[in-house]
Amino acid sequence: MSSMNKNKKLKAGVFVDNANFFYAQRNAGWKVDITKFKKLIKVELDICFVNYHIAIPAKWDKGYTQTQKYIGILEKQSTIYPKPLKYIRTQNTTIKKGDVDLEVALDVVRHIDDLDVFVVISGR
């Protein structure tokens, strides 16, 4: 292997499932700073992009404003793939579902021939 190939970083894409990532952080009691995480992995990898899949609450939802602020921060360092948040009403409560995991999987498949490394950030 030539010295040029030894120093060449592997091409990587970062795929974030915000719904699962959010709850994993909340359950763990800590937060991940995506900017710092990106800087850390850039040492070893050529980060081609960060694709952030996020469910957007309805405008009437109290989480809407905070989500929009968060997206404003994320847009500076990643591509946002929004999807409307689902509201499932039961007898006693309303369950909120992001369900972006399928979109993340499809996004990975779309880039399968373009990247050497796939970094998927999710929960569980």
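Only the coordinates and a few stated rules stand behind these numbers; no lab work does. Just so we're clear, the structure is a prediction, and the values are computed from it rather than from any experiment. Don't worry about glycine lacking a Cβ; one is built from the backbone with ideal geometry, like all the others, and counts go over all protein chains shown.
The aspartates and glutamates within cross-link reach of LYS9, meaning a Cα-to-Cα straight distance under 13 Å and a gap of 8 or more places when in the same chain, are GLU44, ASP46, ASP116.
Between VAL109 and ASP46, the C-beta separation translates, for a Förster distance of 25 Å, into a calculated FRET efficiency of about 0.75. How would you rank ASP99, ASP113, going from fewest to most other Cβ atoms within 10 Å of each one's own Cβ? In order of increasing Cβ crowding within 10 Å: ASP113, ASP99.
Overall, the ratio between the Cα radius of gyration of region 16-121 and 2.2 N^0.38 Å, rounded to two decimals, is 1.17.
Rounded to the nearest 500, the 222 nm mean residue ellipticity of the chain from helices alone is -10500 deg cm²/dmol, with -39,500 (n - 2.57) taken per DSSP H run of at least 4 residues. Which of these, ASN20, ASN51, ASN92, has the largest mean-square fluctuation under a Gaussian network model of the chain (Cα springs below 10 Å)? Comparing ASN20, ASN51, ASN92 in a Gaussian network model of the chain, the most mobile one is ASN92. Report the full-extension gain for the segment TRP60 to VAL117: residue separation times 0.36 nm, less the Cα-Cα distance, to one decimal in nm. Between TRP60 and VAL117, full extension yields an extra 16.6 nm.
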